[in-house]
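Rule-based calculations on the coordinates, nothing more; no lab input. Keep in mind it's a predicted model, so treat the numbers as computed, not measured. Positions of Cβ are generated from backbone atoms using ideal geometry, with glycine treated the same way; all protein chains shown enter the neighbour counts.
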Amino acid sequence: MKLTIWIPNYNWWELLKETILSTKNLILDTNEYEILVIDNCSDDNSIKIVEDLKKEFVNIRFIANDKNVWRIWNRNKVLELALWERILILMSWDKLLKFDYNKYFNNLNILDCLVFWIQIWNNIHNHQAQNKNTFLDTKNILNQSISTLWCNYWLAPLQTHFILKKIVDKYKLKFDENYEFLADLKFLNEYIVYFNRINFIDLWIVKWWDWKNKTTFKKQLVMYSDFLKYFPYIFKKYTKKEINIKLFNIYIINQIFFIFINNKRIWIKWFSLLEIYNFIKYEIWNLLYIFSLILFPIYFIYIFINIKNNFKFPIYFNK
């Protein structure tokens, strides 16, 4: 089997159906891929939705967990259960866009990696002075991204990767359960080093709805904790140098504001004062979220210099 499309779910029945229906956009014979739905003890209409769709999708495989387990554990479970050559992870609120699997993977070298993310195109290729459809040396770009601490987003979201089973099995790769926020990033960084070359394809294949996840300042503190654990470790591992902790803390705080401010829930869902009031009332941590917006103009300048300008002025963190 060429591909497993894995969809984790917990009480997203109204979006789960749309996610499964979107897999029709995959240009691949039905017997060449499976749709693996793993449900985390939903108490809504999710199971009925999947059972009904089984009549239309003969390649659906449904697994219901005995108990509600942590999402990182769930991801490790799919690495064991999937019947795949590659795996594409779709969250329950994602939609797969039209994609011809064979066009990109039939003749791909086993040690070449493709990442499908249109937003990273200018940042990667202009910075590397490369033409379109050019493979980049993985070790070079990894070292460069880590030395500038660009590695927190250079590999793009998990949904933009078709993860190769041979690599996962050979090197016994797993999602690290010690990282609540950075487990995906750590996994991808450890996964990508086993490829010789990487190409960022100027193609958007997944439409996702990040604003469906409620982001709170409390979650941002968890993110901050993960950054402090992970980046000094990976920085030393690849650059053989110690990180400048003072500069690093300033950088991470900026990154947190960047993620916070770009949370689309603010712009899409906050259309009334009543909703803002309820948001603060039920999650007191979000008062700090409001205050963080004051810093948006300052951080916009920071982002413009370091990202929009393709890192012509990179910040290095060596002592």
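May I ask you to list the aspartates and glutamates whose Cα is less than 16 Å away from that of Lys54, ignoring any residue fewer than eight positions away on the same chain?
Lys54 reaches Glu18, Glu34, Asp39.
Given contacts defined as C-alpha pairs under 8 Å and at least six residues apart, what's the relative contact order of region 1-107, whole-number percent?
Once divided by the residue count of region 1-107, the mean separation gives 46 percent.
Each residue of region 29-43 in order: what ³J(HN,Hα) in whole Hz does its phi give by Karplus 6.51 cos²θ - 1.76 cosθ + 1.60, θ = phi - 60°, with x for Gly and Pro?
My calculation for region 29-43 gives 4, 4, 6, 9, 8, 10, 10, 9, 9, 10, 9, 9, 6, 5, 10 Hz in order.
How long is the gain from Asp112 to Val193 if the chain were fully straight, where each residue apart is worth 0.36 nm and the alpha carbon distance is subtracted?
Here the answer is 28.1 nm.
Starting with the fewest neighbours, write out Phe57, Phe200 ranked by other beta-carbon atoms found within 10 Å of each beta-carbon.
Least crowded to most crowded, the residues run Phe57, Phe200.
Which values of log₁₀ I(q)/I(0), to two decimal places, follow from the Debye formula for region 19-64 at q = 0.22, 0.27, 0.29 Å⁻¹ with a uniform point scatterer at every Cα?
Those come out to -0.77, -1.08, -1.19, one per q.
Give the peptides 187-195, 61-69 in descending order of average Cβ contacts within 10 Å, highest first.
So the peptides 187-195, 61-69, ranked by packing, come out 187-195, 61-69.
Quick check: net charge around Arg75, other residues with Cβ under 9 Å of its Cβ, Lys/Arg +1 and Asp/Glu -1?
Result for the neighbourhood of Arg75: +2.
Taking H placed 1.01 Å from N in the peptide plane, check which residues at least 5 places from Ile60 or on another chain put their amide H under 5 Å from its amide H.
Residues meeting the criterion, in which the H sits 1.01 Å from N, are Ile35.
Need the full-extension length gain, Ser225 to Asn143, defined as separation in residues times 0.36 nm minus the C-alpha distance. One decimal, nm.
Gain on extension, Ser225 to Asn143, equals 27.2 nm.
Only bridges whose two residues both fall in region 1-107 count here: according to DSSP, what percent of them are antiparallel, nearest 5?
0
Would you mind computing, in nm to one decimal, how far apart the modelled labels at Glu18 and Lys55 are, each placed 7 Å from Cα along Cα→Cβ?
2.3
Which three extents, in whole angstrom, do the alpha-carbon atoms of region 1-107 cover along their principal axes, largest first?
Computed over region 1-107, the largest-to-smallest principal extents equal 42, 26, 20 Å.
What is the set of long-range amide H partners of Ser92 at a cut-off below 5 Å, with H atoms built 1.01 Å from backbone N?
none
Distance cut-off 19 Å, Cα to Cα: go down the list Lys2/Lys67; Lys165/Lys237; Lys2/Lys24 and report the pairs above it.
Lys2/Lys67; Lys165/Lys237
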